[in-house]
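Presented below is the structure to which this report refers.
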Amino acid sequence: MKDGVNNFGLQIQNIKELWSLDPDINFLNHGSFGACPKSVLSTQQQLRARLEAEPVRFFTREWESLLDYARNQLADFIGGNEQNLVFVSNATTGVNAVLRSLQFSSDDELLTTNHEYNACRNALDFVANRSGARVTVAKIPFPLESPQEVIKAVLEQLSPKTKLALLDHITSQTGLILPIPELVQELQLRGVDTLIDGSHAPGMIALNVSEIAATYYVGNCHKWLCAPKGAAFLYVQKDKQSMIRPLTISHGANSLRRDKSLFQLEFDWMGTDDPTAYICVPEAIKLMGSLLPGGWEQLRQHNHELVLQGRKLLCDILNVFPPCPKDMIGSMAVIPMPQPWENQDFVSLHDRLLDDFGIELPFIPWQGQPKLLMRISAQIYNSIEEYEYLAKVLRKF
Ligand SMILES: Cc1ncc(COP(=O)(O)O)c(C=O)c1O
């Protein structure tokens, strides 16, 4: 798509130029690693220059107030209390920090779902194996018709031994928004702590971590917030903070400072590193929120409607049903692939689309029927013509 105008009359080409994205690629996979606008990267570059101009001054006098400001702005954006918030470099690290801080016994059960992200499931298995705890898996049906099916599947897997539930807010493989506020409430009533992997949530859906009140909530800023790579957060309820330690123990552990919690002192400094991705989060929030007159709310709505349009036309072309209701997706959607795609290798399909047609999106093997899913993302730089082009290519495939 070169010069289209979308439903909202936006000049897509101009918007795409705000990113460094290859103009020859139909980039329909914002979901995997996000994409950071040029101006945010330029702010990051300026910060790096400032750091390198006087590294000692930067780390002893400047860095902490910049980080605190970024934390404050992010707390505002996610509806949280900044005292409960720390930066981590990605969601996987945040999930690991929580899981590896907790002690389980061979009597315990750790609950997750069959839609869980592989890396985080591995972390769960690791801590379960180490302690002898058992991982139990709620089987969320897919396709599905309502969030109630998710709640039912999760509650059915509970037992008096369940200590913790690791649940995605938005699933990677199936693009589903799980009913996290309701699930957290139900689980808390039964004395089960919740670790919510909200990797895709910030920027894709309206988020209020205080209202959700999960025990632990992890989110990425480098996906739908469009911050530079290496920016994510961990949000921990106050009464649990003393138990949660970073994966790297550093100066904070024996700090005599009393102006900040040990939780923040430890996570804020895990050894010398480049903190500029964290510090750029306010810039990303501001830039993305300025692209449409209605700010973030309109941006989320725009992306949601665009992905729904894309899903509809692809489902129509492939003659398949959308696998979930519209309000269970944000700006990522999966399309169940029928024959003859179903039995093809997902890596080769991806490579062929990219190499022969300039389309970037993932195919995902799924357990059961459907066996293969195609995931599309919609970000403001995408246009409906890109999904139409994909549909045309698939028809000829
Ligand atoms: C649900 C979910 N959890 C965790 C992650 C991992 O994110 P990161 O690679 O930033 O740690 C992803 C990445 O796509 C994801 O979709």
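The values are calculated or read from the model by the stated rules, or taken from the named source; none is laboratory data. In this text the structure is predicted, and so the values were computed from the model without any measurement. With ideal geometry, Cβ positions are generated from the backbone for all residues, glycine too; neighbour counts draw on all protein chains shown. Remember, those area values only see protein heavy atoms, side chains included, never the ligands or the DNA or RNA. Shrake-Rupley method; radii C 1.70, N 1.55, O 1.52, S 1.80 Å.
Taking the listed residues GLN369, GLN379, GLN344, the one that is under 19 Å from the mean Cα position of the chain (by Cα) and not basic (Lys, Arg) is GLN379, with no other qualifying.
Residue by residue, here is whether (1) open to solvent by less than 10 Å² (accessible area, probe 1.4 Å); (2) within 16 Å of the ligand (Cβ to nearest atom) holds:
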site	(1), (2)
VAL184	yes, no
GLN188	no, no
THR194	yes, yes
GLU211	no, no
VAL218	yes, yes
LEU234	yes, yes
SER261	no, no
LEU265	no, no
TRP269	no, no
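For the stretch 93-106, the tally of residues that are open to solvent by 10 Å² or more (accessible area, probe 1.4 Å), farther than 12 Å from LEU166 by Cβ and within 13 Å of the ligand (Cβ to nearest atom) stands at 1.
Would you check if LEU28 is open to solvent by less than 50 Å² (accessible area, probe 1.4 Å), over 26 Å from the mean Cα position of the chain (by Cα) and farther than 21 Å from GLY289 by Cβ? Spelling it out, it is not the case that LEU28 is open to solvent by less than 50 Å² (accessible area, probe 1.4 Å), over 26 Å from the mean Cα position of the chain (by Cα) and farther than 21 Å from GLY289 by Cβ. Sort out which residues of the stretch 165-178 are more than 10 Å from the ligand (Cβ to nearest atom) and open to solvent by 10 Å² or more (accessible area, probe 1.4 Å), and write them in order of number. Within the stretch 165-178, just ILE177 meets the criteria. Being without any contact (Cβ under 8 Å) to a residue 12 or more places away in the chain and on the phi > 0 side of the Ramachandran plot is true of GLY295.
Of everything in the stretch 95-125, what is closer than 23 Å to SER242 by Cβ and in a helix (DSSP H, G or I)? Give them in sequence order.
Our first condition is that a residue be closer than 23 Å to SER242 by Cβ; within the stretch 95-125, this holds for 95-105, 108, 110, 123-124.
VAL95, ASN96, ALA97, VAL98, LEU99, ARG100, SER101, ALA123, LEU124, listed by residue number.
Go through the residues of the stretch 333-346 one by one and say whether even a single one is in contact (Cβ under 8 Å) with a residue 12 or more places away in the chain, assigned to a helix (DSSP H, G or I) and open to solvent by less than 10 Å² (accessible area, probe 1.4 Å). For the stretch 333-346, residues in contact (Cβ under 8 Å) with a residue 12 or more places away in the chain, assigned to a helix (DSSP H, G or I) and open to solvent by less than 10 Å² (accessible area, probe 1.4 Å): absent.
Being surrounded by fewer than 15 Cβ atoms within 10 Å (Cβ to Cβ) and outside any loop (DSSP other than H, G, I, E, B) is the filter here; which residues of the stretch 314-329 pass it?
Result: ASP316, LYS326, ASP327.
Is it true that SER199 is more than 18 Å from CYS324 (Cβ to Cβ), within 12 Å of the ligand (Cβ to nearest atom) and at pLDDT 95 or above? It is true that SER199 is more than 18 Å from CYS324 (Cβ to Cβ), within 12 Å of the ligand (Cβ to nearest atom) and at pLDDT 95 or above.
When residues in the stretch 221-245 are screened for being out of contact with any His (no Cβ under 7 Å at 6 or more places or on another chain), under 25 Å from SER32 (Cα atoms) and not aliphatic (A, V, I, L, M), 5 of them pass.
Based on what the data block shows, is PHE142 more than 16 Å from ASN90 (Cα to Cα), part of a loop (DSSP other than H, G, I, E, B), open to solvent by 10 Å² or more (accessible area, probe 1.4 Å) and within 16 Å of the ligand (Cβ to nearest atom)? So PHE142 passes the test.
Taken as a whole, the structure places LEU207 among residues that are surrounded by fewer than 24 Cβ atoms within 10 Å (Cβ to Cβ), within 16 Å of the ligand (Cβ to nearest atom) and either in the same structural domain as ILE380 (by TED's automatic domain parsing) or at negative phi (or both).
Can VAL88 be described as within 16 Å of the ligand (Cβ to nearest atom), β-branched (Val, Ile, Thr) and touching a helix residue (DSSP H, G or I) at 6+ places or on another chain (Cβ under 6 Å)? It would help to see each step written out before you state the result.
Numbers: within 16 Å of the ligand (Cβ to nearest atom): yes; β-branched (Val, Ile, Thr): yes; touching a helix residue (DSSP H, G or I) at 6+ places or on another chain (Cβ under 6 Å): yes.
Yes; evaluated as a whole, the condition is true for this residue.
Among the residues making up the stretch 350-397, those that are in a loop (DSSP other than H, G, I, E, B) and closer than 15 Å to SER172 by Cβ are LEU361, PRO362, TRP366, GLN367.
Counting only residues that are in a loop (DSSP other than H, G, I, E, B) and either within 22 Å of MET332 (Cβ to Cβ) or within 16 Å of the ligand (Cβ to nearest atom) (or both), how many does the stretch 148-164 have? Walk me through it before giving the result.
Keep residues of the stretch 148-164 that are in a loop (DSSP other than H, G, I, E, B), which gives 157-161.
This time we only want the ones that are either within 22 Å of MET332 (Cβ to Cβ) or within 16 Å of the ligand (Cβ to nearest atom) (or both), so: none.
Count: 0.
Starting from residues that are under 21 Å from GLN83 (Cβ atoms) and part of a loop (DSSP other than H, G, I, E, B), keep the ones in the stretch 226-238 and report whichever is farthest from the chain's Cα centre (by Cα). So the residue we want is GLN237.
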